[in-house]
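*Asks:* So that we are looking at the same thing, I have put the structure below in structure tokens.
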Amino acid sequence: MVDRRILVTGGAGFIGSHLVERLIERGDEVLVADNFYSGLRSNVHHLLNHPQFELVRHDVTFPLYVEVDEIYHLACPASPIYYQRDPVQTTKTSVHGSINMLGLAKRTGAKILLASTSEVYGDPEVHPQQEGYWGHVNPIGIRSCYDEGKRCAETLFFDYRRQHNLPIKVARIFNTYGPRMRPDDGRVVSNFIVQALAGEPITIYGDGQQTRSFCYVDDLVSGLMSLMSSDPGFTGPVNLGNPGEFTMLELAQRVIDLTGSASRIEHRPLPQDDPSRRRPDISLAESALDWRPKTALDQGLAKTVEHFRSYA
Ligand code: NAD
Ligand code: UDP
Ligand code: UDP
């Protein structure tokens, strides 16, 4: 039975395409709006003939008039090489895109969820990061178009709630990985796996002692769906991520072990403003959503390696 009509902006992207599959499986009708800036038609190609699925090429910086019950607002490039390619468009996507989607939510009465990011914490002085931490973000650096764009998007969500009483939900997503990351995506998990499978050097930026916490995409999607169906009074922001914390050197070693690669490690310069550590405190997600990730890094990496082998 078809339950709800759901708009997923950025639904042809990595996380969005997994979310769309799960919503369709659950019985929802799904409309994807995507301009294919960093997403791929092939991510949703298998859904094109599905009776519950519809796809429009649309840039969210322009208004969109459709009738829906819920909006998952994911449109925004997430990988540094993509979001830095056209930084003005990145800020526009977060700011104008959020205003348009909030305007749509206001007109239709739809519940709206923002895919925000751990980048709102910047290079954090507090570890692990809790939602109450206001962050440590450079407003004028090469990452700012993404970080400040998402911070402003969060502001807009909370102002639309205060001013217009909109039902909002804000997720702060930590580094997520899994099948359908693009081989040229530029993020660390895809880079290391592609390099290991090709027998090319594994590129570690800086000394490799910086840390990240990696969440498998299926776990993350469960978190987004739990947040959307949480108590009406619960808005977040809520951290969604896997608290397991690894240095980039440890990640490289795991990828080498899993692939049996002969690749060696090569160091490259550390990009400007690269955060030195990152780990979510997920106690709020555990108590408010009864959510926690289930997939260990080695399990998730094995599935991701399988995906990339199919490209090789
Ligand atoms: P992605 O780049 O694979 O997906 C983003 C999608 O948005 C793409 O399909 C892209 O074409 C689309 N898009 C970009 N600009 C658009 C615009 N102006 N109009 C319409 N569509 C547009 O990235 P992802 O990893 O799937 O990330 C999805 C969301 O989750 C993003 O909002 C991202 O900021 C957030 N997020 C992701 C991570 C992560 O680790 N993957 C971490 C934190 C937050
Ligand atoms: N908007 C949209 N779809 C809708 C309703 C509004 O894209 O269904 C856009 C509209 O173009 C506007 C923005 O959302 O620029 C914000 O709408 P809101 O009603 O909050 O502001 P206003 O139209 O009063 O400026
Ligand atoms: N990184 C790396 N080698 C790569 C790509 C990234 O060492 O080939 C590092 C990067 O400098 C950062 C970490 O891995 O410290 C995570 O980078 P990613 O771009 O995946 O995510 P983000 O920095 O946005 O968390």
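*Asks:* Express as a percent, rounded to the nearest 5, the fraction of DSSP beta bridges in the chain (both residues included) that run antiparallel.
*Replies:* 10
*Asks:* Sticking with this one: So, in Å, what gap is there between the alpha-carbon centers of the stretch 46-110 and the stretch 233-286?
*Replies:* Result: 27 Å between the Cα centres.
*Asks:* Using a Gaussian network model of the chain whose springs link C-alpha atoms within less than 10 Å, name the residue from 138, 35, 191 with the highest mean-square fluctuation.
*Replies:* Looking only at 138, 35, 191, the biggest GNM fluctuation is shown by 138.
*Asks:* Based on the Cβ-Cβ distance of residue 50 and residue 302, what FRET efficiency does E = 1/(1 + (r/R0)^6) give at R0 = 25 Å, to the nearest 0.05?
*Replies:* Efficiency for this residue pair is about 0.30.
*Asks:* Still on this structure, I have one more. Taking θ as phi - 60°, what are the ³J(HN,Hα) couplings along the stretch 121-126 by the Karplus curve (6.51, -1.76, 1.60), each to the nearest whole Hz, with x for Gly and Pro?
*Replies:* 7, x, 8, x, 8, 10
*Asks:* Still on this structure, I have one more. How high is the relative contact order of the chain, in percent, counting Cα pairs under 8 Å that sit 6 or more residues apart?
*Replies:* Relative contact order for the chain comes out at 17 percent.
*Asks:* May I pose another question? With charges only on Cβ, +1 for K and R and -1 for D and E, what is the dipole size of the chain about its Cα centre, in debye, rounded to 20?
*Replies:* Computed about the Cα centre, the dipole is about 340 debye.
*Asks:* Let's see if you can work this out: charge +1 on each Lys and Arg Cβ, -1 on each Asp and Glu Cβ, no other charges. What is the dipole magnitude of the stretch 41-88 about its Cα centre, in debye to the nearest 20?
*Replies:* Computed charge dipole of the stretch 41-88: roughly 320 debye.
*Asks:* Once the other residues with Cβ under 15 Å from the Cβ of residue 22 are scored (Lys, Arg +1; Asp, Glu -1), what is the net sum?
*Replies:* -4
*Asks:* Among 240, 297, 113, which one moves the most in a GNM of the chain with springs linking Cα atoms closer than 10 Å?
*Replies:* 297
*Asks:* Still on this structure: Test of understanding: what is the full-extension gain from residue 277 to residue 290, defined as 0.36 nm times their sequence separation minus their Cα-Cα distance?
*Replies:* My answer for the length gained is 2.1 nm.
*Asks:* How long is the gain from residue 130 to residue 155 if the chain were fully straight, where each residue apart is worth 0.36 nm and the alpha carbon distance is subtracted?
*Replies:* Between residue 130 and residue 155, full extension yields 7.2 nm more.
*Asks:* Can you return the lysines within cross-link range of residue 111? Criterion is Cα-Cα under 30 Å, with same-chain partners fewer than 8 residues away left out.
*Replies:* Counting by Cα, and skipping residues close in sequence, residue 111 has these lysines nearby: 92, 150, 169, 294.
*Asks:* Going by how many other Cβ atoms sit within 10 Å of their own, how do 40, 23 line up, fewest first?
*Replies:* 40, 23
*Asks:* What length, rounded to one decimal in nm, is gained on full extension from residue 265 through to residue 107, with 0.36 nm per residue of separation minus their alpha-carbon distance?
*Replies:* Contour length minus Cα-Cα distance gives 51.6 nm.
*Asks:* Oh, and also: Only four residue types carry charge here, +1 at the Cβ of Lys and Arg and -1 at the Cβ of Asp and Glu. Report the dipole size of the stretch 186-312 about the Cα centre in Debye, rounded to the nearest 20.
*Replies:* 220
A short reminder: the numbers here are calculations on the coordinates, not readings from a lab. Note that the structure is a prediction, hence the values are computed from the model and not measured. In this analysis, Cβ positions are derived from the backbone assuming ideal geometry, glycine residues included, and neighbour counts consider all displayed protein chains.
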